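What follows draws every value from the coordinates through simple rules; no lab data is involved. Predicted model only: the values in this text are computed from it and were never measured. Because the Cβ atoms are built from the backbone with ideal geometry, glycine has one as well, and the counts that use them run over all protein chains shown.
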Amino acid sequence: MKTLKRTLLLLLLTPMFVFAQNKAYLVHEDNVRPGMIGEYEKISKEFQAACVEHQPQTSWITSMTSDFRFMYYTIRKI
């Protein structure tokens with residue numbers, strides 16, 4: 001099942017990497033303890049509100065795995 005999920009994620013992200021030029025790609029991973037998910041989601045919502053307010057010139061995709069790893073894939077113009 002993990003292989004299927006990773007394959008689907010790779011197929012989803014491939015066009016983003018193939019068609020984008022003059023851009024930098026960043027991957028950030030947060031390992032969250034199961035007991036701290038509520039606190040992490042609260043902080044994530046605050047971060048999103050700050051991004052809406054300040055409108056950074058970037059975009060990102062967020063994914064979460066079954067072992068509570070949150071991964072953020074970011075594209076930045078260079």
Counted neighbours (other Cβ, 10 Å), sorted fewest up, put M64, M71 in the order M64, M71
Given the DSSP H assignment, sum -39500 (n - 2.57) over each helix run of at least 4 residues in the chain and divide by its residue total; what's the result at 222 nm in deg cm²/dmol, nearest 500? -15500 deg cm²/dmol
What are the equivalent ellipsoid semi-axes of segment 2-77, built from the alpha-carbon gyration tensor (square roots of five times its eigenvalues), in whole angstrom, biggest first? 23, 20, 8
